[in-house]
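Taken together, the values in this text are just the output of simple stated rules run on the coordinates, not laboratory data. Just so it is clear, the model here is predicted, and its values are computed rather than measured. Cβ sites come from the backbone with ideal geometry, for glycine too, and all protein chains shown count toward neighbours.
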Amino acid sequence: MSTQFDVVVIGAGPGGYIAAIRAAQLGMSVACIDAWQNGQGGPAPGGTCTNVGCIPSKALLQSSEHYDQVNHHFAEHGIEVKGVSLNLEQLLGRKNSVVKQNNDGILYLLKKNKITFFHGKGGFTSEVEGGWAIHISGTTTADIVGKHVVIATGSAARELPGLPFDEQQVLSNDGALNIAIVPKKLGVIGAGVIGLEMGSVWLRLGAEVTVLEAMPEFLAAVDTQVAKEALKIFTKQGLAIHMGIKLGEIKTGAKNITVPYIDTAGTEHKLVFDKLIVSIGRVPYTGGLNAEAVGLQLDDRGFIVVDRECKTNLPNVWAVGDVVRGPMLAHKAEEEGVAVAERIDGQHGHVNFNTIPWVIYTSPEISWVGQTEQQLKASGHAYKAGSFPFLANGRARALGDTTGFVKILADAVTDEVLGVHIIGPMASELIAEAVTIMEFKGAAEDIARICHAHPTLSESMKEAALAVDKRTLNF
Ligand code: FAD
Ligand code: NAI
């Protein structure tokens, strides 16, 4: 007889393992299945985020930032370092050990919460008495039944038609995190989040990086003022960014890769690279689920169709994270995982899509939450704007990083904060205050009246809030 669980979670990325933990906290019997293998064939839970996404990319961003600092910025602090050299093997090895610490941490958490972990691929067999029969194959072979099933199978990198990833010359995010020798010339297709983050890493480590983007507008989803500032800074750092291009037929050779493209003026170009990162978005992943056999509904782009509560078309089958609509972000997947576990328990789990923050971990960092100025203009929403430059912030001056600004958009009548946009040092951390205020439907004046420690970067948030009312104190 198959083992029966209250909840079976397929996928142990941030959506899946967090759903499993929350369900276990609520007293349910939980199984979690994940197929990811580490270099030795063992389990490596954490999904894209832990293995080839958020965590390793941030490890490389940090290491390459240190390298850039020691080479270009230590001298201004009076620290003279001679003979700096790069040990790329050590740098990549450190990244791998950061990944392993996270894999091990998740295995520990699953055990601590008495979740039964299966290392293998989980797929639906059929609907049976008591729930859904799930077959597990791979490292483990087993048949189990879940009264509820939570699908959290994530996403995969999108390929350019006719140019499959070989991870040697044509790199997805996976290969982009594992280049053994710094390429002389690195091409990046797509000036999105991965293109800019990974482009920055390899630029800092010494590559000549060219980014080719199809859209005419740089970072179209970002507040225009921030996007403009970012393009100016990234270009000054040395990223060659070409917007509005149309790719021709890309040819891979023995040692390099040739990328022809036409620019906005219609002029033809041909660039030759040692390696090419293709970062043109991601596609939902449902491989091995046997979705068709049980009639699980997918949309025309391959996403599992869910309602607002993450319910699929099948009874007691839920789906969360990258495999369903909405932003492909780890924290969005986690929030959905928690909400689904609570809904299974009969509670009213909730995810507020209006307050999901975004961060691009370039230098300077970019972060935002809520609406952009162009969105407010387009919808005719009357608003007030206030901004404050890090140039006028004492802590930023002490840090030696005064690029960028904080911008707050508030309702013209009620003063409710509608959007916050930051480009500058530690923007990833600063945005949390904005999210909190927006969750509580707070006003710009609320931020302005809160006591912020001095000297901190967060004072720029307070000053931007004061600027909404045209009364900055330090600018
Ligand atoms: P995933 O993390 O993709 O996990 C899915 C898991 O399910 C995988 O382990 C997979 O092996 C497993 N699986 C799939 N099918 C089966 C099956 N049939 N049986 C068993 N197991 C299966 N987001 C952020 O918020 N911040 C960042 O800084 C950030 N950086 C990123 C950097 C890069 C380079 C990339 C590629 C992504 C980044 N993301 C970031 C996005 C983030 O990684 C994803 O949004 C997040 O991982 C989605 O979580 P998930 O649980 O839905 O899916
Ligand atoms: P993306 O959607 O951010 O950017 C893809 C870019 O490629 C777009 O600008 C698009 O216009 C462009 N593009 C598409 N087709 C093209 C073509 N044929 N030629 C030239 N350009 C083309 O996708 P990306 O960077 O691949 O990242 C995928 C997702 O992973 C992100 O959307 C995000 O959800 C997640 N992610 C999040 C991070 C974070 O939170 N810091 C970091 C990295 C990834």
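So here's what we get for this one:
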item	result
Packing-based exposure ordering (other Cβ within 10 Å, fewest first) of Lys121, Lys384, Lys114	Lys114, Lys384, Lys121
Signed unit charges on C-beta, dipole axis of segment 355-468, positive-most listed residue Met461, Thr436, Asn393	Asn393
Surface/4 of the Cα convex hull for the chain, nm²	25.3 nm²
Neighbour-count order for Leu329, Leu276, fewest beta carbons within 10 angstrom listed first	Leu329, Leu276
Fraction of antiparallel bridges per DSSP, the chain only, in percent to nearest 5	60 percent
Of Lys58/Lys311; Lys384/Lys462; Lys246/Lys407, pairs whose Cα-Cα distance is over 23 Å	Lys58/Lys311; Lys246/Lys407
Kirkwood-based shape ratio for segment 352-475, expressed as Rg/Rh from alpha carbons	0.94
Projected-area mean, segment 170-279, by convex hull of Cα positions, square nanometres	6.7 nm²
For segment 245-253, Karplus couplings with θ = phi - 60° (6.51, -1.76, 1.60), whole Hz, Gly/Pro x	8, 10, 6, x, 7, 7, 10, 9, x
³J(HN,Hα) computed for each position of segment 285-292 - Karplus, 6.51 cos²θ - 1.76 cosθ + 1.60, integer Hz, glycine/proline x	10, 10, x, x, 6, 6, 4, 4
Simple Cβ-charge dipole of the chain, Lys/Arg +1 and Asp/Glu -1, about Cα centre, in debye nearest 20	720 debye
Extension gain (nm, one decimal) between Leu160 and Ala293, 0.36 nm per residue minus Cα-Cα	45.0 nm
Qualifying trypsin sites (Lys or Arg not before Pro) for segment 1-93 [loop in DSSP, other Cβ within 10 Å: at most 12]	Lys82
Burial order of peptide ranges 132-142, 147-157 (average beta-carbon count within 10 Å, highest first)	147-157, 132-142
Distant-in-sequence amide H partners of Ala191 (H built 1.01 Å from N, under 5 Å)	Ala214
